[in-house]
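Please read the structure below before turning to the comments.
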Amino acid sequence: MSENSARFVTVERTSTGHFVATNTRGGTISFGTGSDSEFTPVELLLAALGGCTAVDVDLATTRHAEPDSFSVEVSGNKVDDELGNRLTDLAVTFTVTFPDGEGADRARTILPRAVKTSHDRLCTVSRTVEIGTPVTATVEDA
């Protein structure tokens with residue numbers, strides 16, 4: 001395990017149903033219950049799945065060519081069954097186009113491999129979801 005392996009964010013309530021997450025670098029993202037345009041926690045999870053793989057794929061392909069377009073759609077079905085609330089059928093779909101040219105041809109060629117490598121090995125978010133990691137929830141004395 002590397003020395004810099006710990007990751008964390010702090011989530012603070014700003015008002016009823018509204019929260020702000022802050023990372024260690026001072027970045028923030030607001031979210032809530034879905035009563036307005038803010039992301040919900042489930043949407044943040046979907047964004048994290050797509051974003052993690054998008055970063056890996058972007059780094060691998062843009063070494064060869066800048067894409068004309070690059071989008072990732074992430075979907076899933078929210079269910080409530082005997083296991084509780086959860087998402088099923090998670091899917092990450094890339095739509096990437098490159099201009100004409102030798103570098104772009106190389107980027108197009110490696111795109112499927114970059115997506116597969118990210119999914120199978122590199123993306124911490126999708127690997128954590130697929131492998132399944134226990135989550136503990138505790139209450140600290142104030």
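Normalised by the number of residues in the stretch 18-95, the mean separation of alpha-carbon contacts (under 8 Å, six or more apart) gives a relative contact order of 19 percent. Ordering GLU38, GLU130 by accessible surface, largest first, gives GLU130, GLU38; the 1.4 Å probe counts only protein heavy atoms, with every chain in place.
May I ask what percent, to the nearest 5, of DSSP beta bridges between residues of the chain are antiparallel?
Working: 23 of 24 bridges.
Bridges in the chain are about 95 percent antiparallel.
Over the stretch 60-128, Cα pairs under 8 Å with separation of 6+ residues give a relative contact order of 35 percent. Each stretch of four or more DSSP H residues adds -39500 (n - 2.57); spread over every residue of the chain, this sum gives -10500 deg cm²/dmol at 222 nm.
Per residue, the accessible area of the stretch 23-142 comes to 70 Å², computed with a 1.4 Å probe over protein heavy atoms only.
Rounded to the nearest 20 debye, the dipole magnitude of the chain is 400 debye, with +1 charges on Lys and Arg beta carbons, -1 on Asp and Glu beta carbons, and the Cα centre as origin.
Highest mean first, how do 74-83, 7-16 rank when packing is the count of other Cβ atoms within 10 Å averaged over residues?
So the peptides 74-83, 7-16, ranked by packing, come out 74-83, 7-16.
Each label point was placed 7 Å from the Cα along the Cα-to-Cβ direction; for PHE8 and THR97 their separation is 4.6 nm. In the calculated pair distance distribution of the stretch 1-97, what percentage of Cα-Cα distances lie above 16 Å? Here the tail beyond 16 Å accounts for 70 percent of pairs.
Over 22 Å, how big is the tail of the calculated P(r) for the stretch 32-142, in percent of all Cα pairs? Result for the distance tail: 45 percent.
The values are calculated or read from the model by the stated rules, or taken from the named source; none is laboratory data. None of these values were measured; they are calculated from a predicted model. Every residue, glycine among them, receives a Cβ derived from its backbone with ideal geometry; neighbour counts consider all protein chains shown. Surface accessibility is based on the protein's heavy atoms, side chains included, excluding ligands, DNA and RNA. Shrake-Rupley method; radii C 1.70, N 1.55, O 1.52, S 1.80 Å.
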